[in-house]
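Working notes, structure below.
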Amino acid sequence: LSGTNGIACWDGARFSQARTAGLPAVGVHAMVSFGGKLWVGTEGAGLYVRDASGVFAAAPGWHGASDVRVLWADSAGLIVGDGATVQLSSGDGTWQRLGAGIEGRDPVDGALRDRDGALWIRTASRLWWLPRGARRATDVREGLPAGGVVQGVPTGMVIGPRGNVLV
């Protein structure tokens, strides 16, 4: 359970913050499980990860935004919305800033990787598609219903039961 003052974990009987040692008492925007660890995007404190010992710490190698609103994890790695850009990692502390023509525009509101390995990146005014191996993203928002790309709408993009991208 996330909120404006950190997260609370179910302990079998009730919610408690006892297992959130190391995580600052700030808003939590996003959480994913990846590589046997819990990754948490915070408001104003950056990206945190809880290791096997159960203690949260700043994510290794993270030098991105302090306001992390978007996280996606799959077998290929982590995708983190970093302000108006996206960073990718395999969870090893090495981060690659995606420079595919989307940077410097609206803040990233959503990101995912489809079953073909393409990245989908949603901002307030665009929906970007970057096929695996491509160097530049393509704006594919045409055809979306009016208001189909709206800033700040959580879970506005998912992988459907057949592996297709739903917006």
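The values are calculated or read from the model by the stated rules, or taken from the named source; none is laboratory data. Note that the structure is a prediction, hence the values are computed from the model and not measured. For neighbour counting, all protein chains shown are included, and Cβ atoms are generated from backbone atoms with ideal geometry for every residue, glycine included. Accessible surface areas use protein heavy atoms only, side chains included; no ligands, DNA or RNA. Shrake-Rupley method; radii C 1.70, N 1.55, O 1.52, S 1.80 Å.
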Quiz prompt | Accessible area per residue in Å² at 1.4 Å probe, computed on the chain | solution = 53 Å²
Quiz item: How big is the stretch 9-92 in terms of Cα radius of gyration and Dmax, in angstroms?
Solution: 12.5, 40
Practice problem: Just subtract the alpha-carbon distance of Thr94 and Arg115 from 0.36 nm times their residue separation and send over the number in nm, one decimal. | Solution: 5.2 nm
Exercise. Can you pull the one-decimal nm distance between simple spin-label points at Thr138 and Trp10, each 7 Å off the Cα toward Cβ?
Key: 4.2 nm
Quiz prompt | Carbon/sulfur fraction of accessible area - the stretch 8-109, other protein chains in place, 1.4 Å, % | solution = 51 percent
Quiz prompt | Mean shadow area of the chain, taken as a quarter of the surface of its Cα convex hull (nm²) | solution = 10.3 nm²
Quiz prompt | Dimensionless Rg ratio for the stretch 46-122, taking C-alpha atoms and the 2.2 N^0.38 Å reference | solution = 1.08
Self-check item: Gln17 paired with Val55, simple spin-label distance in nm, labels 7 Å along Cα-to-beta-carbon
Solution: 1.9 nm
Quiz item: Counting Lys +1, Arg +1, Asp -1, Glu -1, what net charge surrounds Val68 among other residues with beta carbon under 12 Å of its beta carbon?
Solution: -2
Quiz item: Relative contact order of the chain: what whole-number percent is it, with Cα pairs under 8 angstrom and at least 6 residues apart?
Solution: 12 percent
Quiz item: Of the trypsin sites (Lys or Arg not before Pro) in the stretch 1-109, which ones lie in a loop per DSSP and count no more than 10 other C-beta atoms within 10 Å?
Solution: Arg14
Quiz item: In whole Hz, what ³J(HN,Hα) sequence does the stretch 67-74 give by Karplus (6.51, -1.76, 1.60; θ = phi - 60°), x for Gly and Pro?
Solution: 10, 9, 9, 10, 9, 9, 9, 8
